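The values are calculated or read from the model by the stated rules, or taken from the named source; none is laboratory data. What you are looking at is a predicted structure, and each value in this text was computed from that prediction instead of being measured. Counting neighbours? That spans all protein chains shown, and the Cβs are built from the backbone with ideal geometry, glycine included. Keep in mind that these areas ignore ligands, DNA and RNA; they rest on the heavy atoms of the full protein, side chains included. Shrake-Rupley method; radii C 1.70, N 1.55, O 1.52, S 1.80 Å.
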Amino acid sequence: MGMNSLTPVLLILLLLLLALITGLTRNLSQIKEAERKQWTRAESNVATKQMFILWIEHGIQARQIKDYLYAHNIKKLAIYGMTDVGVMLYKLLKDTDIEVVSGIDRSRKTLNLPIQIVKPKEFSEAVDAIVVTSIYYFSEIYDTMRRQVGNDVPILGLDEILYETVSDAN
């Protein structure tokens, strides 16, 4: 068996080795991306938990949130982030004279609420403000919604409202 007969075998072995390395590299990058997403979710959950603790420790009520919104000339709003926090905020405000016209959420959940839930790019309601409940992603959401609604509509983080409500009470 001469060198010429080994060349195709070596070439096939090299190609198989290259395919194996490429597959391993792809799998490692997928594992790293999954780990990054898991850490992001964990950090988001911690931020939400801290906001709930503030809310509960200080006993912030619908009236206090309504007073904050009124003080900032907000009588008609949309809630971005219709997870448990967004639903809780809606339920707090529904018996006030603050009108929640819609919920905004990337996944457009079907919730048992009398408001429409729309994706960010579908939002077109005239509102005095958008309140963001997904505080960990606030910067990303702010940029997305700023492009959608322009500069005339305030985009507020719920954490900002809660902190100001607490500091106003002290």
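Between Lys94 and Thr7, the contour length at 0.36 nm per residue exceeds the alpha carbon distance by 23.7 nm. Per residue, the solvent-accessible area of the range 64-170 (1.4 Å probe, heavy atoms of protein chains only, all protein chains present) comes to 53 Å². Length gained on full extension, Asp168 to Arg106: 19.0 nm, using 0.36 nm per residue less the C-alpha separation.
Each semi-axis of the equivalent ellipsoid for the range 119-163 is √(5λ) with λ an eigenvalue of the Cα gyration tensor; in descending order they amount to 17, 12, 9 Å. Among 75-82, 158-165, the peptide with the highest mean count of other Cβ atoms within 10 Å heads the list, and the full ranking is 75-82, 158-165.
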